[in-house]
Amino acid sequence: ALGLKTKLLAKRIDCYDRIDSTNEEAKRKALAGAPDGSLFVAEEQTGGKGRLGRSWTSPAGQGLWFTVLLRSSLLPSQAANITLLAGLAVCRAIQRNTGCAAMIKWPNDIVIESKKVCGILTEMAAEMDRIEYMAVGIGVNVNNENFPEELSVKATSLRLESGSFIRRVPLLQEILFELETVLKDFPLHTESLLREYKSRCVSLNRRVGFIRENRKMVGVAEDISPSGELIVRCDDGTKFPISSGEVTVQGI
Ligand code: BTN
(Lines give C-alpha, C1' and ligand atoms only; values in the text may rest on other atoms or scores of the structure.)
Protein backbone atom coordinates (compact mmCIF):
# COMPACT_ATOMS: atom_id res chain seq x y z
CA ALA A 1 0.00 0.00 0.00
CA LEU A 2 2.91 2.32 0.69
CA GLY A 3 4.47 1.59 -2.72
CA LEU A 4 7.64 0.35 -1.13
CA LYS A 5 10.91 -0.14 -2.98
CA THR A 6 12.30 -2.58 -0.42
CA LYS A 7 12.59 -6.35 -0.61
CA LEU A 8 13.36 -7.16 3.01
CA LEU A 9 12.36 -4.22 5.14
CA ALA A 10 8.77 -3.34 5.99
CA LYS A 11 7.15 -6.60 4.97
CA ARG A 12 5.11 -6.07 8.05
CA ILE A 13 3.86 -2.55 8.73
CA ASP A 14 2.02 -1.38 11.84
CA CYS A 15 0.57 2.15 11.49
CA TYR A 16 -0.84 4.16 14.39
CA ASP A 17 -2.69 7.46 14.53
CA ARG A 18 -1.28 8.03 17.95
CA ILE A 19 1.11 6.05 20.15
CA ASP A 20 3.49 6.66 23.05
CA SER A 21 6.64 5.91 21.05
CA THR A 22 7.26 3.75 17.99
CA ASN A 23 10.48 2.52 19.63
CA GLU A 24 8.53 1.33 22.67
CA GLU A 25 5.99 -0.33 20.39
CA ALA A 26 8.74 -2.03 18.36
CA LYS A 27 10.29 -3.40 21.56
CA ARG A 28 6.91 -4.65 22.80
CA LYS A 29 6.20 -6.30 19.47
CA ALA A 30 9.72 -7.75 19.32
CA LEU A 31 8.98 -9.61 22.53
CA ALA A 32 5.80 -10.89 20.90
CA GLY A 33 7.79 -12.23 17.95
CA ALA A 34 7.55 -9.50 15.29
CA PRO A 35 9.80 -10.44 12.35
CA ASP A 36 13.01 -8.89 11.06
CA GLY A 37 12.36 -5.66 9.17
CA SER A 38 8.99 -4.86 10.79
CA LEU A 39 8.06 -1.18 10.47
CA PHE A 40 6.19 0.79 13.14
CA VAL A 41 5.03 4.21 12.06
CA ALA A 42 2.88 6.81 13.80
CA GLU A 43 1.16 10.07 12.85
CA GLU A 44 1.77 11.37 16.35
CA GLN A 45 3.81 10.27 19.37
CA THR A 46 2.74 11.26 22.85
CA GLY A 47 6.00 10.15 24.47
CA GLY A 48 8.56 10.41 21.70
CA LYS A 49 12.03 9.59 23.03
CA GLY A 50 15.36 11.11 22.08
CA ARG A 51 18.90 10.01 22.92
CA LEU A 52 20.36 10.45 26.39
CA GLY A 53 16.98 10.42 28.10
CA ARG A 54 15.65 13.45 26.23
CA SER A 55 12.16 13.68 24.77
CA TRP A 56 11.39 14.08 21.07
CA THR A 57 8.64 16.45 19.94
CA SER A 58 6.44 14.49 17.52
CA PRO A 59 3.38 16.57 16.55
CA ALA A 60 0.59 15.01 14.47
CA GLY A 61 1.11 14.87 10.74
CA GLN A 62 4.19 17.08 10.57
CA GLY A 63 6.98 14.58 10.50
CA LEU A 64 7.97 10.99 9.99
CA TRP A 65 8.08 9.13 13.27
CA PHE A 66 8.95 5.48 12.75
CA THR A 67 10.99 2.51 13.94
CA VAL A 68 12.49 -0.37 11.99
CA LEU A 69 13.04 -3.61 13.87
CA LEU A 70 16.19 -5.50 12.90
CA ARG A 71 16.77 -9.00 14.16
CA SER A 72 18.86 -10.88 11.61
CA SER A 73 22.11 -12.29 13.01
CA LEU A 74 23.70 -9.06 14.17
CA LEU A 75 26.84 -8.97 16.30
CA PRO A 76 27.14 -6.54 19.23
CA SER A 77 30.41 -5.27 17.74
CA GLN A 78 28.48 -4.17 14.64
CA ALA A 79 25.84 -2.18 16.49
CA ALA A 80 27.72 1.12 16.50
CA ASN A 81 28.27 0.94 12.76
CA ILE A 82 24.63 0.16 12.08
CA THR A 83 23.69 3.25 14.07
CA LEU A 84 25.99 5.37 11.90
CA LEU A 85 24.79 3.77 8.68
CA ALA A 86 21.17 4.53 9.50
CA GLY A 87 22.20 8.19 9.59
CA LEU A 88 23.93 7.86 6.24
CA ALA A 89 20.81 6.28 4.73
CA VAL A 90 18.58 9.11 5.93
CA CYS A 91 21.06 11.66 4.65
CA ARG A 92 21.09 10.16 1.15
CA ALA A 93 17.28 9.97 1.08
CA ILE A 94 16.78 13.56 2.23
CA GLN A 95 19.27 14.84 -0.33
CA ARG A 96 17.61 12.90 -3.15
CA ASN A 97 14.02 13.84 -2.22
CA THR A 98 14.44 17.47 -1.26
CA GLY A 99 17.75 18.60 -2.75
CA CYS A 100 18.80 19.85 0.70
CA ALA A 101 22.48 19.36 1.56
CA ALA A 102 22.05 17.08 4.56
CA MET A 103 25.07 16.46 6.80
CA ILE A 104 25.68 14.23 9.82
CA LYS A 105 26.64 15.25 13.33
CA TRP A 106 28.27 12.22 14.96
CA PRO A 107 26.82 9.76 15.71
CA ASN A 108 23.64 10.22 13.73
CA ASP A 109 21.94 13.59 13.94
CA ILE A 110 21.06 14.87 10.50
CA VAL A 111 21.62 18.58 10.16
CA ILE A 112 21.04 21.15 7.45
CA GLU A 113 23.00 24.39 7.84
CA SER A 114 23.85 23.18 11.38
CA LYS A 115 20.21 22.88 12.46
CA LYS A 116 18.84 19.46 13.33
CA VAL A 117 16.26 18.01 10.98
CA CYS A 118 16.36 14.35 12.05
CA GLY A 119 17.38 12.31 15.07
CA ILE A 120 17.90 8.57 15.40
CA LEU A 121 17.52 6.51 18.56
CA THR A 122 18.84 2.96 18.36
CA GLU A 123 17.90 0.63 21.18
CA MET A 124 18.84 -3.00 21.45
CA ALA A 125 18.49 -6.16 23.43
CA ALA A 126 21.77 -8.08 23.42
CA GLU A 127 22.85 -11.35 24.88
CA MET A 128 26.51 -12.17 25.49
CA ASP A 129 27.54 -12.66 21.91
CA ARG A 130 24.56 -11.74 19.81
CA ILE A 131 21.94 -9.06 19.36
CA GLU A 132 18.44 -10.31 19.89
CA TYR A 133 16.96 -7.27 18.20
CA MET A 134 17.72 -3.69 17.37
CA ALA A 135 15.03 -1.00 17.22
CA VAL A 136 16.17 1.80 14.92
CA GLY A 137 13.92 4.78 15.64
CA ILE A 138 13.99 7.64 13.17
CA GLY A 139 12.32 11.02 13.61
CA VAL A 140 12.35 13.46 10.69
CA ASN A 141 10.94 16.97 11.00
CA VAL A 142 9.28 17.19 7.59
CA ASN A 143 6.64 19.93 7.38
CA ASN A 144 6.91 21.59 10.80
CA GLU A 145 6.61 25.36 10.45
CA ASN A 146 7.57 26.18 13.98
CA PHE A 147 9.12 24.57 17.03
CA PRO A 148 8.71 25.02 20.76
CA GLU A 149 10.66 28.07 21.99
CA GLU A 150 13.52 26.06 23.51
CA LEU A 151 14.15 24.15 20.27
CA SER A 152 13.77 26.96 17.78
CA VAL A 153 17.46 27.86 17.53
CA LYS A 154 18.60 24.29 17.10
CA ALA A 155 15.82 22.58 15.15
CA THR A 156 14.52 22.90 11.63
CA SER A 157 12.34 21.00 9.16
CA LEU A 158 12.70 20.00 5.53
CA ARG A 159 9.92 22.40 4.64
CA LEU A 160 11.63 25.33 6.32
CA GLU A 161 14.95 24.49 4.65
CA SER A 162 13.68 23.67 1.17
CA GLY A 163 10.90 26.26 1.06
CA SER A 164 8.33 23.75 -0.12
CA PHE A 165 5.88 21.21 1.25
CA ILE A 166 7.41 17.73 1.30
CA ARG A 167 5.36 14.57 0.78
CA ARG A 168 6.05 12.18 3.61
CA VAL A 169 5.31 8.81 2.01
CA PRO A 170 7.81 9.10 -0.87
CA LEU A 171 10.42 10.23 1.64
CA LEU A 172 9.69 7.24 3.89
CA GLN A 173 9.98 4.92 0.87
CA GLU A 174 13.34 6.44 -0.01
CA ILE A 175 14.69 6.19 3.55
CA LEU A 176 13.66 2.53 3.79
CA PHE A 177 15.22 1.83 0.40
CA GLU A 178 18.51 3.48 1.42
CA LEU A 179 18.46 1.73 4.80
CA GLU A 180 18.07 -1.61 3.06
CA THR A 181 20.89 -0.70 0.67
CA VAL A 182 23.41 0.20 3.41
CA LEU A 183 22.46 -2.90 5.41
CA LYS A 184 23.01 -5.03 2.32
CA ASP A 185 26.44 -3.47 1.79
CA PHE A 186 27.37 -4.08 5.44
CA PRO A 187 29.73 -5.50 6.66
CA LEU A 188 31.38 -6.32 3.33
CA HIS A 189 31.71 -2.72 2.15
CA THR A 190 32.17 -1.07 5.54
CA GLU A 191 35.24 0.83 4.37
CA SER A 192 33.54 2.67 1.54
CA LEU A 193 30.39 3.23 3.61
CA LEU A 194 32.48 4.82 6.37
CA ARG A 195 34.29 6.92 3.79
CA GLU A 196 30.96 8.29 2.59
CA TYR A 197 29.83 8.76 6.21
CA LYS A 198 32.98 10.77 6.98
CA SER A 199 32.53 12.95 3.91
CA ARG A 200 29.13 13.95 5.28
CA CYS A 201 30.20 14.24 8.92
CA VAL A 202 30.42 17.82 10.22
CA SER A 203 31.93 16.77 13.57
CA LEU A 204 35.38 15.92 12.22
CA ASN A 205 38.18 18.42 12.77
CA ARG A 206 36.02 20.26 15.28
CA ARG A 207 36.72 20.82 18.96
CA VAL A 208 34.48 18.70 21.14
CA GLY A 209 33.94 18.26 24.83
CA PHE A 210 33.14 14.90 26.36
CA ILE A 211 32.85 13.30 29.75
CA ARG A 212 34.99 10.33 30.70
CA GLU A 213 34.91 8.82 34.19
CA ASN A 214 33.14 11.91 35.52
CA ARG A 215 35.79 14.24 34.16
CA LYS A 216 35.21 16.87 31.52
CA MET A 217 37.64 16.50 28.67
CA VAL A 218 38.19 18.44 25.46
CA GLY A 219 39.92 17.61 22.23
CA VAL A 220 39.64 17.59 18.48
CA ALA A 221 37.47 14.96 16.76
CA GLU A 222 39.99 13.42 14.39
CA ASP A 223 38.48 10.36 12.84
CA ILE A 224 35.88 7.62 12.97
CA SER A 225 37.27 4.19 13.85
CA PRO A 226 36.45 1.11 11.71
CA SER A 227 33.99 0.08 14.40
CA GLY A 228 32.21 3.43 14.46
CA GLU A 229 33.75 5.25 17.42
CA LEU A 230 34.67 8.93 17.31
CA ILE A 231 38.41 9.31 17.84
CA VAL A 232 39.15 12.42 19.88
CA ARG A 233 42.69 13.73 20.28
CA CYS A 234 43.25 15.68 23.48
CA ASP A 235 45.73 18.56 23.74
CA ASP A 236 48.37 16.35 25.40
CA GLY A 237 48.25 14.01 22.43
CA THR A 238 46.30 11.16 24.00
CA LYS A 239 43.53 9.74 21.89
CA PHE A 240 40.17 8.52 23.11
CA PRO A 241 37.76 6.36 21.17
CA ILE A 242 34.23 7.44 22.10
CA SER A 243 31.23 5.22 21.54
CA SER A 244 27.84 6.81 21.07
CA GLY A 245 26.11 5.41 24.12
CA GLU A 246 29.02 5.86 26.43
CA VAL A 247 29.54 9.57 26.84
CA THR A 248 27.93 12.89 26.22
CA VAL A 249 29.63 14.80 23.48
CA GLN A 250 29.04 18.51 23.67
CA GLY A 251 29.72 21.20 21.17
CA ILE A 252 29.21 19.12 18.06
C1 BTN B 1 17.62 12.06 19.12
O2 BTN B 1 18.12 12.80 18.27
O3 BTN B 1 17.75 12.32 20.33
C4 BTN B 1 16.88 10.83 18.66
C5 BTN B 1 15.46 11.12 18.30
C6 BTN B 1 14.72 9.88 17.81
C7 BTN B 1 13.24 10.14 17.55
C8 BTN B 1 12.54 8.97 16.91
S9 BTN B 1 10.89 9.35 16.41
C10 BTN B 1 10.54 7.66 16.12
C11 BTN B 1 11.21 6.89 17.24
N12 BTN B 1 10.35 6.78 18.40
C13 BTN B 1 10.84 7.44 19.45
O14 BTN B 1 10.28 7.53 20.56
N15 BTN B 1 12.01 8.01 19.14
C16 BTN B 1 12.40 7.72 17.76
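The values are calculated or read from the model by the stated rules, or taken from the named source; none is laboratory data. Just so you know, these numbers come straight off a predicted model, no measurement behind them. As a convention, Cβ positions derive from the backbone with ideal geometry for all residues, glycine included, and neighbour counts pool all protein chains shown.
Could you check region 17-38 and list, in sequence order, the residues that are away from the ligand (no atom under 11 Å from the Cβ) and either of a type in the set (Asp, Glu) or closer than 23 Å to Pro170 by Cα (or both)? Even if it seems obvious, please write down each step before you answer.
Taking region 17-38 as the starting set, the residues that turn out to be away from the ligand (no atom under 11 Å from the Cβ) are 17-18, 28-38.
Once the filter is applied, which keeps residues that are away from the ligand (no atom under 11 Å from the Cβ) and either of a type in the set (Asp, Glu) or closer than 23 Å to Pro170 by Cα (or both), region 17-38 yields Asp17, Arg18, Asp36, Gly37, Ser38.
For region 39-61, check the following and say yes or no: at least one residue is part of a loop (DSSP other than H, G, I, E, B), outside the structural domain of Ile224 (by TED's automatic domain parsing) and crowded, with 20+ Cβ neighbours inside 10 Å.
Quick first cut of region 39-61, residues part of a loop (DSSP other than H, G, I, E, B) only: 46-48, 50, 54, 56-61.
Among the residues that remain, those that are also outside the structural domain of Ile224 (by TED's automatic domain parsing) are: 46-48, 50, 54, 56-61.
From what's left, crowded, with 20+ Cβ neighbours inside 10 Å: 48, 58.
Yes: one or more hits.
Residue count for region 18-76, restricted to those that are within 14 Å of Val136 (Cα to Cα), small (Gly, Ala, Ser) and touching a residue at least 60 places away in the same chain (Cβ under 8 Å): 5.
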